[in-house]
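Only the coordinates and a few stated rules stand behind these numbers; no lab work does. These figures come from a predicted structure and were not determined experimentally. In this analysis, Cβ positions are derived from the backbone assuming ideal geometry, glycine residues included, and neighbour counts consider all displayed protein chains.
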Amino acid sequence: MRIVSMVCCMAFVVAACGGGAAGTTSTTFPVAAATTSSTTSSTTAPPSSTTTSTTTSTTTTSTSTTTSTTTSTTTTTVAAGCPAAPPIPVGATVSATKSVDADGDAALDVMTTYLVGADWRLRVDLGAGGSIDVVIADVSPLTGALALGAFDIEGDGTGELFVKVDGGAYATLVALYDVDGCGVVPITIGGERAVFAVGASVSNFAGLNCDGSLLWTFEGTLIEGSDGMYEAIDIPYTLEGHVLTQGVGDGAVVSAGEIGPLLTCGDVDQV
């Protein structure tokens, strides 16, 4: 079982910041080219057109060596992968920013969730240049959206984005997204957006765990009449592309002391 300490209440923290970067690289390779030339000059007095005479001239021969250096320049430009999205509008409400590697290039990216008008939006400013800005569908107006961070679920080098989209007294709903080219798409299960509950009460709990190759959900319900014992189940999911596929679950009876942190996916924030 992947269920290890108990959490029975939840707090939501909202933070804000932002950023992005782009760059070009120019490399110059000097190449030395040597040119040698020899010049022989000869001067002979031409015969007169009106007299017959013989003129002998002394011919002077000189040899000169000239060396020149030519420099060639090769410029390599690292093009931004995506165009720049418009900046976050003045007056927008930023709920959170997180540093992530969303596209797998090892350059620092920044994910931001913010509210403009009636729309909650998810923005990713790419470290290699450019940015992506999309509307997040189905966000609760009571809780709003909150960027939690990213974790590479399947180990392919790209981080999946974790975003809080709803919440209540005991549980938060977390949706997952992927950067796909110059867009952001929701991760799905069975054709629907993947949304997972994370939270706990006295009578039940639910959470997420990432181990580098699988995403695990775990949940449990208090056994009536027991002294703090829960009927629990772990369910593994594999991620291929943007689709999660459910595996075979593993059930067990656990005590409250065996229930661990409810969201353990690298640097992704607890909710």
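Across segment 239-246, in residue order, what do the Karplus-derived ³J(HN,Hα) couplings come to in whole Hz, using 6.51 cos²θ - 1.76 cosθ + 1.60 with θ = phi - 60° and x for Gly and Pro?
10, 10, x, 10, 10, 8, 10, 6
For segment 120-271, what percent of Cα pairs sit more than 19 Å apart?
55 percent
Around Gly212, with a cut-off of 10 angstrom between Cβ atoms, what is the net charge of the other residues, counting Lys and Arg +1 and Asp and Glu -1?
-3
Counting just the Cα atoms, what span does segment 168-243 cover along each of its three principal axes? Round to the nearest Å and put the largest first.
Principal-axis extents of segment 168-243 (Cα, largest first): 53, 26, 21 Å.
Please identify every one of the GluC sites (Glu not before Pro) in segment 174-271 that sits in a loop by DSSP and has no more than 13 other beta carbons within 10 Å of its own beta carbon.
Listed in order of number, the matching sites are Glu224.
Ordered by residue, what ³J(HN,Hα) values in Hz, to whole numbers, does segment 254-265 give under the Karplus form 6.51 cos²θ - 1.76 cosθ + 1.60, where θ = phi - 60° and Gly and Pro are x?
Each residue's phi maps through the Karplus curve to give 10, 8, 4, x, 8, 7, x, x, 8, 9, 10, 9 Hz.
Given C-alpha coordinates of segment 224-268, what is the ratio Rg to Rh with the Kirkwood estimate of Rh?
1.09
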